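The values are calculated or read from the model by the stated rules, or taken from the named source; none is laboratory data. Note that this is a predicted model, so its numbers are computed, not measured. Backbone-built Cβ (ideal geometry, glycine too); neighbour counts: all protein chains shown.
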Amino acid sequence: MSTKKEKLILFNKPYNVLSQFTDDDGRKTLRDFIDIQGVYPAGRLDKDSEGLLLLTNNGKLQNLIANPQNKKWKTYLVQVDGEITEGAISKLQSGLMLKDGLTKPAKAIKIAEPEFLWKRTPSVRYRANIPTSWVKLSIREGKNRQVRRMTAASGFPTLRLIRYSIDKWSIDGINSGEFLVFDL
């Protein structure tokens, strides 16, 4: 019988942090925020994206979360360049042709800027003559940089990307750079 306590960590990853524990180039990594041995990310979140990253020391749970065949919904809050149109939302909902194939239909709605957002460092570029807008986008697949490529293909490039939730887990109540630990 194993005495190792199985854990699940919900980490609100800041912008410009790698989703790994080491880096030979001295960039910020998970080690700068999480000092728990033997846990590994269940999936990835790009350096220039923020929000929920799940980590665990339970291999079965890691596979359940990270394997695209398990079709876990991942929800993102996306700030886009320009005032997104209903036509663009419809394209996101229908699926878009990207270089590596057609995306599955997404859940997409235009939203107001989330009130709970933290300031990002560095801040998102600001241009007085070009508005920005927000989209809540949920997908069940994980092509490389898919959300960014989807919004660009719909005509509205991503300025800020925050993963809000994966399946039943979310960043609710977790400040940027902080985490919660659950014993399994």
| message | Quick test of your reading of the structure: Phe179 fulfils all but one of (1) under 14 Å from Leu52 (Cβ atoms); (2) in contact with a helix residue (DSSP H, G or I) (Cβ under 7 Å, 6 or more places away or on another chain). Name the failing condition by number. | response | (2)
| task | Evaluate segment 79-89: report whether one residue or more is in contact with a Pro (Cβ under 8 Å, 6 or more places away or on another chain) and exposed (fewer than 13 other Cβ atoms within 10 Å of the Cβ). | result | yes
| task | Assess whether Gly142 counts as being surrounded by 11 or more Cβ atoms within 10 Å (Cβ to Cβ) and either in contact (Cβ under 8 Å) with a residue 24 or more places away in the chain or in a loop (DSSP other than H, G, I, E, B) (or both). | result | yes
| query | of a type outside the set (Val, Ile, Thr), surrounded by 13 or more Cβ atoms within 10 Å (Cβ to Cβ), more than 14 Å from the chain's Cα centre (by Cα) and outside any strand (DSSP E or B), is that true of Trp118? | reply | yes
| note | Subset of segment 122-169, residues in contact with a Gly (Cβ under 9 Å, 6 or more places away or on another chain) and among the small types (Gly, Ala, Ser), comes to Ser133, Gly142, Ser154, Gly155, Ser165
| request: Looking for whichever is surrounded by fewer than 21 Cβ atoms within 10 Å (Cβ to Cβ), within 17 Å of the chain's Cα centre (by Cα) and free of Cβ contacts under 8 Å to residues at least 60 places away in the same chain here; the options are Arg31, Arg44, Arg27. Which one fits? | output: Arg44
| query | Ile89 is checked against (1) farther than 18 Å from Ser170 by Cβ; (2) touching a residue at least 24 places away in the same chain (Cβ under 8 Å); (3) assigned by TED's automatic domain parsing to the domain that holds Asn16 and fails just one. What number does that condition carry? | reply | (3)
